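The values are calculated or read from the model by the stated rules, or taken from the named source; none is laboratory data. Here the structure is a predicted model, which means the values were calculated and not measured. Cβ placement follows ideal geometry from the backbone for every residue including glycine, while neighbour counts extend to all protein chains displayed. Ligands, DNA and RNA are stripped out before the accessible areas are found, and what is left, the full protein with its side chains, is counted by its heavy atoms. Shrake-Rupley method; radii C 1.70, N 1.55, O 1.52, S 1.80 Å.
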Amino acid sequence: MTDQPLRLTLRRPDDWHLHLRTGAMLKAVLPFSARQMGRAIVMPNLVPPVTDMARAETYRREIVENLPAGSGFRPLMTAYLTDHTDPDDLERGFRAGLFTAVKLYPQHATTNSAHGVTSIAHVHPVLERMQAIGMPLLIHGEVTDQDVDIFDREAVFIDRVLTPLLRNFPELRVVLEHATTEEAVVFVRQNGPSGRIGCTITAHHLMINRSSIFAGGIRPHLYCLPIAKREKHRLALRRAATSGEPWFFLGTDSAPHPIGAKETACGCAGIFTAPSAIELYAQVFDEEGALANLEAFASLNGPAFYRLPPNEDRITLERSGHIVPDVLDVDGKDAVLPFRSGERLDWRVVD
Ligand code: NCD
Ligand code: ZN
């Protein structure tokens with residue numbers, strides 16, 4: 001194609017939804033995010049979960065101690081909401097700058113969510129406090145009712161849980177995480193102008209649909225939650241992400257699992273995209289003819305929602321091609337497989 005730019009410079013992006021894990025896995029995966037992202041919202045679904053200030057301090061220290069020398073990457077910590085969360089601890093953590101947000105997992109909705117909230121009614125006092133202090137609630141938006149088809153769980157959550165929640169807490173600031181449906185896109189657009197709704201979109205949900213999970217056989221490395229939906233939903237997500245609208249922003253949901261935990265009779269949910277995160281998004285934006293909106297999605301809309309300044313430094317992407325890294329060793333026993341491993345993407349981050 002003609003008139004294609006060869007280089008693209010943007011403010012350094014941030015990842016507003018990231019799983020870094022702990023121990024050897026953290027050591028293995030952290031350098032990838034630290035290389036391209038300025039900050040990341042770090043998910044608290046460890047075992048045991050990061051439920052209070054003390055655990056968040058310990059986890060944050062572990063992350064910072066494992067950063068590559070000279071890295072400016074900043075982890076933004078989240079608290080895992082349970083039926084027993086103490087509103088005073090959250091408020092103290094928020095005011096001290098330790099907690100950026102609170103994560104709501106409906107119980108058993110996804111990986112390590114056994115301690116999640118059993119009913120919104122149980123956390124009303126916490127939500128009231130968060131609303132009063134302007135602390136964002138990040139939501140894994142799926143119902144857990146096994147009678148609801150897995151492909152419908154997000155849309156049903158929006159109707160049954162999210163809509164009443166926004167009505168009952170009219171000032172609460174909410175991020176609908178890893179949107180996967182056209183219904184989510186419509187909902188976010190309706191509520192976005194209020195300024196209190198944000199929405200992250202992963203790179204993989206912009207690239208795969210539910211048929212991809214079964215292309216030529218079952219592909220456990222494409223299984224994540226919320227599960228990828230029909231093609232029409234992928235197309236709606238691509239239009240939303242590339243639109244430049246301020247309520248949509250980058251959140252990879254990069255979620256590494258050992259290969260053995262994916263390739264098994266009951267494999268874990270999670271797709272590991274961190275090694276090529278910005279390159280994957282750049283590919284999608286380029287395909288949609290929307291590279292001009294990549295900076296808004298990746299580097300500006302997220303900070304605006306979180307009331308933080310955008311990063312001052314910049315990254316440069318070059319249209320010279322990038323091969324997604326191969327299998328990554330974790331500790332000599334376990335390894336993780338990056339999404340699109342070995343494949344060529346058009347854009348590369350210039351170091
Ligand atoms: C995440 C994980 O592995 O921690 N898995 C996933 O499929 N996205 C949990 C989550 O964010 O749902
Ligand atoms: Zn996640």
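Does residue 238 fit the bill of being open to solvent by 10 Å² or more (accessible area, probe 1.4 Å), away from ligand 1 (no atom under 15 Å from the Cβ), of a type outside the set (A, V, I, L, M, F, W, C) and touching a helix residue (DSSP H, G or I) at 6+ places or on another chain (Cβ under 6 Å)? Yes. For the range 176-192, taking the residues that are polar (S, T, N, Q) and more than 13 Å from ligand 2 (Cβ to nearest atom), the one that is nearest to the chain's Cα centre (by Cα) is identified as 181. Only one entry in 74, 35 is away from ligand 2 (no atom under 16 Å from the Cβ), open to solvent by 60 Å² or more (accessible area, probe 1.4 Å) and in contact with a Gly (Cβ under 8 Å, 6 or more places away or on another chain), namely 74. Cβ-Cβ distances below 8 Å connect the following pairs, each with a first residue in the range 143-166 that is within 18 Å of residue 122 (Cβ to Cβ), a second residue that is open to solvent by 50 Å² or more (accessible area, probe 1.4 Å), and a separation of six or more residues or different chains: 143/160; 144/107; 144/108.
The listed residues are 248, 272, 214, and the only one of them that is in contact with a Cys (Cβ under 6 Å, 6 or more places away or on another chain) and either modelled with pLDDT of 95 or more or away from ligand 2 (no atom under 16 Å from the Cβ) (or both) turns out to be 248.
Please go through the range 139-162 and pick out each residue that is of a type outside the set (A, V, I, L, M) and surrounded by fewer than 22 Cβ atoms within 10 Å (Cβ to Cβ). Those that are of a type outside the set (A, V, I, L, M) and surrounded by fewer than 22 Cβ atoms within 10 Å (Cβ to Cβ): 144, 145, 146, 147, 149, 151, 152, 159, 160. Filtering 28, 121, 56, 69 for residues that are more than 17 Å from the chain's Cα centre (by Cα), at pLDDT below 95 and among the aliphatic types (A, V, I, L, M) leaves a single hit, 121.
For residue 187, the stated conditions hold: it is more than 26 Å from residue 11 (Cα to Cα) and among the aromatic types (Phe, Trp, Tyr). If we scan the range 138-150, do we find a residue that is under 18 Å from residue 304 (Cα atoms) and out of contact with any helix residue (DSSP H, G or I) (no Cβ under 7 Å at 6 or more places or on another chain)? Yes.
Return the residues of the range 64-105 that are more than 16 Å from residue 44 (Cα to Cα) and among the polar types (S, T, N, Q); say none if nothing qualifies. Selection gives 66, 71. May I ask you to verify whether residue 348 is at pLDDT 95 or above, in contact with a Ser or Thr (Cβ under 7 Å, 6 or more places away or on another chain) and open to solvent by 70 Å² or more (accessible area, probe 1.4 Å)? The answer is yes for residue 348. Tell me whether the range 280-301 contains one or more residues that are within 16 Å of ligand 1 (Cβ to nearest atom), in contact with a Leu (Cβ under 8 Å, 6 or more places away or on another chain) and either open to solvent by 10 Å² or more (accessible area, probe 1.4 Å) or closer than 25 Å to residue 222 by Cβ (or both). Checking the range 280-301: at least one residue is within 16 Å of ligand 1 (Cβ to nearest atom), in contact with a Leu (Cβ under 8 Å, 6 or more places away or on another chain) and either open to solvent by 10 Å² or more (accessible area, probe 1.4 Å) or closer than 25 Å to residue 222 by Cβ (or both). Among residues of the range 39-56 that are over 13 Å from residue 116 (Cβ atoms) and within 16 Å of ligand 2 (Cβ to nearest atom), those with a beta-carbon under 7 Å from a residue that is open to solvent by 30 Å² or more (accessible area, probe 1.4 Å) and modelled with pLDDT of 95 or more at least six positions away or on a different chain give the pairs 46/22.
Pairs are defined by a Cβ separation below 8 Å, a sequence spacing of at least 6 or placement on different chains, a first member in the range 256-277 that is closer than 26 Å to residue 346 by Cβ and open to solvent by less than 30 Å² (accessible area, probe 1.4 Å), and a second member that is of a type in the set (Val, Ile, Thr) and not in a loop (DSSP other than H, G, I, E, B); the pairs so defined are 256/29; 256/336; 272/29; 272/336; 274/29.
Scanning the range 1-60 for residues that are more than 15 Å from ligand 1 (Cβ to nearest atom), in a loop (DSSP other than H, G, I, E, B) and under 16 Å from residue 73 (Cα atoms) turns up 12, 13, 14, 37, 38. When residues in the range 96-138 are screened for being of a type in the set (A, V, I, L, M), within 16 Å of ligand 1 (Cβ to nearest atom) and surrounded by fewer than 15 Cβ atoms within 10 Å (Cβ to Cβ), 1 of them pass.
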